[in-house]
Every structure is written in structure tokens, then in C-alpha cells.
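The values are calculated or read from the model by the stated rules, or taken from the named source; none is laboratory data. If you're wondering where the values come from, they're calculated on a predicted model, not measured in any experiment. Heads up, the Cβs are rebuilt from the backbone with ideal geometry, glycines too, and the neighbour counts pull from every protein chain shown.
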Amino acid sequence: MGASATPQEGNSLHPRTERSTKEPGGRRRLLVTTAVSTVALVSGGVLAATPSAASASPASGSSASSAHVKRLCAQATKPGQMACLAEARTDVVQHMSLSPMAVPPGYGPSDLQSAYNLPSSTAGSGQTVAVVDAMDDPNAESDLATYRSQYGLPSCTTANGCFHKVDQTGGTNYPAADSGWAGEISLDLDMVSAVCPQCHILLVEASSANMPDLGTAVNEAVSLGAKYVSNSYGGPEDSSELTADTTYFDHPGVAITASSGDSGYGAQYPAASQYVTSVGGTSLSRASTSRGWSESAWYTPTSQTPEGTGSGCSGYDPKPSWQTDTGCAMRTIADVSAVADPNTGVAVYDSYGQSGWNVYGGTSASSPIIASVYALAGTPAANSYPSSYPYARTSALNDVTSGSNGSCSPSYLCTAGPGYDGPTGWGTPNGTAAFTNASSTGTTLQPGQQLTPGQSLVTTSMTLTMQTDGNLVAYLKTGPSGTGPAVWASNTSGHSGAYAYMQSDGNLVVYKSGGGPSSGGALWASGTSGHSGAYATLQSDGNFVVYGSGGGPSTGGALWSTGTYDHSQTIGSGQQLKPGWWTQAQYTRLVMQLDGNFVMYRNSDGKAIWASGTSGHSGAYAYMQSDGNLVVYKSGGGPSSGGALWASGTSGHSGAYAIMQSDGNFVVYKSGGGPSTGGALWSTGTYKVVP
């Protein structure tokens, strides 16, 4: 999708621009106009109503890289010190207000929604996007109101509950005001508004630009319920970032984005965190393609510090399991990207220390854009790391294939190309599919595929989840919510970030974070190596099976399984029910749980309606003894060694058996007895509480 960042002659920075007029009833309607000149006409400090007023691009014939920009915050140089990453154009005449027919310079909401194919008008309602910044912007809410009014977006105020501004501990003791960070805040709030106008916005202001204060603000945003948190700042890496990772950014089930940087090739923090979605930057231009837009990696050479999207290989943070590029053994920056080049920048309204409408850029723009795309995609899966989502659906992104942000080796770390690269990651949004939990509806792991923390395989009866604590667990569904007891586990908990990998040699392996076939770190394996092309599948009957190449549920060839299939409703004399055994009838499911409890669940609501009361005895099993007694024994126990935890009290009836009846009752019958002939010795009596 790459293209030059330089606008074509006659194609300004904002060649298709927006203005709003009032329709009957007071509703705003966005109109489109084409910029035909770069000479802004100014009258009394108000932008005049001419098409030229929309353009902020260089004069015809000059390159986009000739535009003048300034950083709103001084670059951070000390460990633990952060700087905002917003950049403002200095060659655009700013205006506090616009005449009725004028439009702001820079890309507006409809441009971003068009470029990234976003469902902004129909999605995002009820979601809260948090932006974390340092220092105070006293005009944050009023500037936000100006921006949203200009583009006809729904009002977002403290009064209507849409906007909420707090300090880093959730109060109103705001830090000192700062004009640089105020510009950053305006950019962040406006980008959330542009991409997700139905979203609520939470602004959390940290007391300083130091990592402990900003990190405290991140934690506060999450504690206040935000599932999407944007961080448009960065600083140099140092060894303390591993502590910051676990203290501030390890929030499963929350999409946390971080700007990759504005100084070209080189890693920075918190974009290097293994727990965040690292967001790079592009130059965005209109194009005569089916998409209507083209992008390249943002880079503007200067005589001093280069300006361009950050990328690189972390010197401290480990590589998350879902990242598989081979040229960096540690965390690679970035994951995805969005527009950031101030020469093809976005419209922003900022009145604190600035003069109203201007064109801003920097990866400070791309981070809140991506956080808001996550919000449009919907609530992240519990216990998942949303930064893994784009890796599972790379085809749902616009691949950026041109542009470079410096010199490096291997070259993909600083040069955009087909597939994954450092400057733009896997690409830019093309709708929201890449920002949802892709593996939540799959059933199969093919050779070379991974199940990363928070991802699941799902059937109607079972969910197999790679938990964030490192345990691979099969959960039986026992009600409409889809949740239920664990019936199998790899027993690899305590290894945060571990992942499951279906190797090409046929072995299914759970590796610790950072481990793999070439580096070791295996925690559990199916023991099926030597079967090239083997694959794993979660069957409709609840069994998770590794099949040899060419095998399957209908053809056989199973190499290993969890044994968690739906068993017969009849339990014969002498039969043992091992942990994870289950069966179902019309109204109920009966489970011998991993925790030692023998439980019956009602299908209609998932509620337990009978239990042996033997939880807390991992490995316990049920045994239909030949003497007629149904007994739950602790692990290692049995008829000859003792260890009974519960019994039906039906001994003395040789050949007795048990059956899970269709009416919801679980009954022990004497030999020769049954539902139609009688002879019941014991029952749960649960037919009374179903369906």
C-alpha cells in the first residue's frame, strides 16, 4: 500500500476537506470541498470562507518534507523521563474561530474514517477510551467542545457524562498547567473523537512526565473501568522498564497503546513494553486506488534530529510469544500503525498557549487513533493481551510496503515492505477485524500456529484457553454463558506469557514466554513429535485431539487426546470416572471435576444442582464398585487402600450400576433394574429442579 508522502500537484495536505453547515433542526451536515490554493485568506483573525482556507500544504511544486514543524515537548534524555510526542505545523496560520463556510486545515473525522474503513457511526457506544498525559490542560473540555461542534459530532461533556477529567489518583487536584502537554492532550482528545465519536473519554493527568507518575495514571485509568488506554509519550529505554512493565502495563483484557516515537529508527519506552500495542506512524495521502488512500512509513530528514516514526529492537523487554520475526531476539517495535506525519497531519483545536486550529502529527496521533479502533472493535476478551490480536488477522490490515526511517540491519526493522516491518508493524486498520480476539471462534491449530495468552479454541461444548498465567485449560460449558468447570489442564500455571505451539514435527508444546523450538523452555508437551504435519483440533464432542497428517474425527489417526469427550450416560459396574470425565442428558451435565468434586449442572442456567462436596482434592475420581457402591476416592485411594471422600451407600448390591437419566435424575440401580423396571438404590433427586 506504500506511496510517496509528497502530495501530488494540486493535491494538498487535505485535498478532500470538511466543513459543516446546519440542517433543519440544528443538526450539522459535513460537506466536502477540494482545496485549490495554499494562500489562506484572513480577515480580522477569522479564517475566511474560501476553499483555499482548507489547505495547509506547501505551495504547488514543493515537497511535503518542506513543511515546518515543531515538537510540543522537549525530547526526554534521562532514564524514567518521558516526553509527549506531538508535533505542530509552524507554516499554518492559526485561527481561534472560523467563518461559517470555512474548514480547518488537516484531516478531519470523515477522512480518518474513510482511510481506515471504520464503522464510527454505528460502533463504540458505551465504551470508554482513556488518554494518559502529564500536566494539566485547563482548556481541555472547552477545546474538545469546539472540535466536536465543528465536525457535527455528538456533544461530549462532563455534564452529560461523556467526558471525565481526573488527576493520577482519580481526584481533581490537577497538576500545573503546561502548554506543550496541553497541545498533546488536545491532539489525543480530538483523535478519539474523530475515530470513535460514540465513545466516552477519560482524561487522566499525571503529576509529572516521569514514568512512575504516568504509570500511576495508567493504573488509575484501568481502575476507573477504561478498556482502552492511549499513551502518547516516550523516553529512552533503561533496565527499570521491566519493573514498570509489571507495575503499570500488565493489564490483561485492556487494550493499551503506546506511540513508537518521532525520531526515526530506535527503540523507546513504553512502546517497547511486551504488554502494549506499539503504534508506528505513516504518511497518508489520497490515491486513485480502490481504497482511495495510500501510505508509506513516515520519515522526514532534517539537518538536526530526524523526524519520523520510531521502530527498533528493545534492549530490555522480552519478545511476546505472538511476535515471531527473526531479526530481533527481544521485543520488536512496532505492531501496527496509523497516520502520524505532520506534513499529512490532522486537524486539532488547541487554545492553551496556542491560537486555535492547526495541523498536528507525530505518533502521538496514531496511538489514540489505534486505541479508538480497539474501542470500535468491542470489549477485549478477558485475560487476553489485545496487542496479540493484529498478529492473528494480518490480512485485515492495510499493508504498508514503502518508506524507511533510517539505517539498520536487518533492514526490515527500519524499512517498510510486504508483511511485517518495524516502522509500520503489520500495517494500518482496514476496519476493526484485526483488533478483535481472532482465535475465539477457531477449533484447530495447524502446524506452525500458536495459541497465545488469552486466546481460545471454542466448540459448543468446550472452550480451550491459553490462560495468561501460563496454564492451558479445557473448560466444559455448563450454561448459556459458556463458562463452566475445568476438565483438563497442562498444569503449567505460574508462567505468565506462556503459549501453546503446534510444531511442524507434530508435537504440541506449551513454552514459557521467550521460549521456543530453537531456544527451549518447554513446560508441557503432547509427546507426539515425529509426525510431521500433525495438527490439533477441539472436537464438537469436547475432546481435544492431536491427529496425524491425513487423520481426523471421521478417519482416525489420533496421536494424543485430553479424553474430555462426552461419555456414555450409563456407568457400568467396575467403571472409574477419572478427573475431567463428563456426560450429558437433556437437562443436565454431570462432571468429575479436576478439583475433586463430582457435580451436576443444569443446562438452562449453568447452576450446580447437586455435588458430592469433595472439592479441594485434586486428582480425586469416582468409582462404580462391583459391590454396588458409587464412591469418590482421593487420588491414590481405592477399595483396598481407603481414602473414600463420598459414597452413595449402596454396597451389598453386586452388579449395580448408575445412569444419568433424561429427566435430570442421576440414579444407582440394582443389577437388572432401570428407569422402566425400577430397582433404584439411590438418586440425586434432581428431576425435581429441571428443566
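For the condition among the hydroxyl-bearing types (Ser, Thr, Tyr), buried (at least 22 other Cβ atoms within 10 Å of the Cβ), more than 24 Å from residue 590 (Cβ to Cβ) and touching a residue at least 60 places away in the same chain (Cβ under 8 Å), what is the one hit in 468, 444, 478, 424?
After applying the criteria, what remains is 424.
Determine whether region 229-243 contains at least one residue that is free of Cβ contacts under 8 Å to residues at least 12 places away in the same chain and within 21 Å of the chain's Cα centre (by Cα).
no
Which one is surrounded by the most Cβ atoms within 10 Å (Cβ to Cβ) among residues in region 608-627 that are touching a Ser or Thr at 6+ places or on another chain (Cβ under 9 Å), among the hydroxyl-bearing types (Ser, Thr, Tyr) and within 20 Å of residue 575 (Cβ to Cβ)?
Only one residue tops the list, namely 621.
Spot the failing condition for residue 288; the list is (1) under 22 Å from residue 236 (Cβ atoms); (2) free of Cβ contacts under 8 Å to residues at least 24 places away in the same chain; (3) hydroxyl-bearing (Ser, Thr, Tyr), and only one is missed.
(1)
Condition (residue is hydrophobic (A, V, I, L, M, F, W, C) and modelled with pLDDT under 90) applied to region 104-122: is it met by at least one residue?
No, because not a single residue in region 104-122 is hydrophobic (A, V, I, L, M, F, W, C) and modelled with pLDDT under 90.
Only one of 550, 557, 530 is assigned to a loop (DSSP other than H, G, I, E, B) and surrounded by fewer than 19 Cβ atoms within 10 Å (Cβ to Cβ); which?
Sole residue among the options that is assigned to a loop (DSSP other than H, G, I, E, B) and surrounded by fewer than 19 Cβ atoms within 10 Å (Cβ to Cβ): 530.
For residues that are assigned to a strand (DSSP E or B) and touching an Asp or Glu at 6+ places or on another chain (Cβ under 7 Å), tally how many sit in region 297-307.
Number of matching residues: 2.
Inspect region 258-268 for any residue being more than 21 Å from residue 408 (Cα to Cα) and either out of contact with any Cys (no Cβ under 7 Å at 6 or more places or on another chain) or in the same structural domain as residue 381 (by TED's automatic domain parsing) (or both) and give the result as yes or no.
Within region 258-268, one or more residues are more than 21 Å from residue 408 (Cα to Cα) and either out of contact with any Cys (no Cβ under 7 Å at 6 or more places or on another chain) or in the same structural domain as residue 381 (by TED's automatic domain parsing) (or both).
Can you tell me which residue is modelled with the lowest pLDDT among those in region 370-401 that are under 22 Å from residue 331 (Cα atoms) and hydrophobic (A, V, I, L, M, F, W, C)?
The residue in question is 392.
What's the total number of residues in region 172-189 that are within 20 Å of residue 70 (Cα to Cα) and of a type in the set (Ser, Thr, Tyr)?
2
Hey, residue 198 hits all of (1) assigned to a loop (DSSP other than H, G, I, E, B); (2) without any contact (Cβ under 8 Å) to a residue 60 or more places away in the chain but one; which does it fall short on?
Among (1) assigned to a loop (DSSP other than H, G, I, E, B); (2) without any contact (Cβ under 8 Å) to a residue 60 or more places away in the chain, the lone unmet condition for residue 198 is (2).
Considering region 255-290 alone, what residues qualify as being β-branched (Val, Ile, Thr) and modelled with pLDDT of 95 or more?
Passing the criteria: 256, 257, 276, 277, 279, 282.
Considering each residue of region 533-547, count those that are in a strand (DSSP E or B) and within 27 Å of the chain's Cα centre (by Cα), and give that number.
5
Results for (1) surrounded by 21 or more Cβ atoms within 10 Å (Cβ to Cβ); (2) closer than 20 Å to residue 255 by Cα, shown as yes or no for each residue.
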| position | (1), (2) |
| --- | --- |
| 138 | no, no |
| 144 | yes, no |
| 148 | yes, no |
| 155 | no, no |
| 158 | no, no |
| 162 | no, yes |
| 171 | no, no |
| 175 | no, no |
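Could you list all residues from region 507-527 that are in contact with a Gly (Cβ under 6 Å, 6 or more places away or on another chain) and either surrounded by fewer than 20 Cβ atoms within 10 Å (Cβ to Cβ) or in contact (Cβ under 8 Å) with a residue 24 or more places away in the chain (or both)?
511, 512, 513, 521 - these are the residues of region 507-527 that are in contact with a Gly (Cβ under 6 Å, 6 or more places away or on another chain) and either surrounded by fewer than 20 Cβ atoms within 10 Å (Cβ to Cβ) or in contact (Cβ under 8 Å) with a residue 24 or more places away in the chain (or both).
Taking residue 572, is it on the phi > 0 side of the Ramachandran plot and of a type outside the set (A, V, I, L, M, F, W, C)?
no
Does at least one position in region 665-678 carry a residue that is more than 50 Å from the chain's Cα centre (by Cα), part of a loop (DSSP other than H, G, I, E, B) and farther than 19 Å from residue 575 by Cβ?
The answer is yes, given that some residue of region 665-678 is more than 50 Å from the chain's Cα centre (by Cα), part of a loop (DSSP other than H, G, I, E, B) and farther than 19 Å from residue 575 by Cβ.
If residue 217 meets every condition in (1) farther than 26 Å from residue 308 by Cα; (2) out of contact with any helix residue (DSSP H, G or I) (no Cβ under 7 Å at 6 or more places or on another chain); (3) surrounded by fewer than 23 Cβ atoms within 10 Å (Cβ to Cβ) apart from one, which number is that one?
(3)
Answer yes or no: is there a residue in region 577-594 that is over 14 Å from residue 485 (Cβ atoms), free of Cβ contacts under 8 Å to residues at least 12 places away in the same chain and within 38 Å of the chain's Cα centre (by Cα).
no
So that you can scan it fast, the table gives a plain yes or no per residue for (1) more than 51 Å from the chain's Cα centre (by Cα); (2) at pLDDT below 95:
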| position | (1), (2) |
| --- | --- |
| 645 | no, no |
| 654 | yes, no |
| 684 | no, no |
| 690 | no, yes |
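Hey, can you tell me all the residues within region 337-394 that are of a type in the set (Phe, Trp, Tyr) and more than 17 Å from residue 182 (Cβ to Cβ)?
Across region 337-394, the qualifying residues are 374, 385, 389, 391.
Among what's in region 201-227 and is touching an Asp or Glu at 6+ places or on another chain (Cβ under 9 Å) and part of a helix (DSSP H, G or I), pick the residue that is farthest from residue 238 (Cα to Cα).
Only one residue fits best here, namely 220.
Would you mention how many residues in region 74-119 are crowded, with 23+ Cβ neighbours inside 10 Å and closer than 25 Å to residue 397 by Cα?
Number satisfying all stated conditions: 11.
Can you pull out every residue in region 297-318 that is in contact with a Pro (Cβ under 9 Å, 6 or more places away or on another chain) and among the hydroxyl-bearing types (Ser, Thr, Tyr)?
Within region 297-318, 299, 300, 309, 311 qualify.
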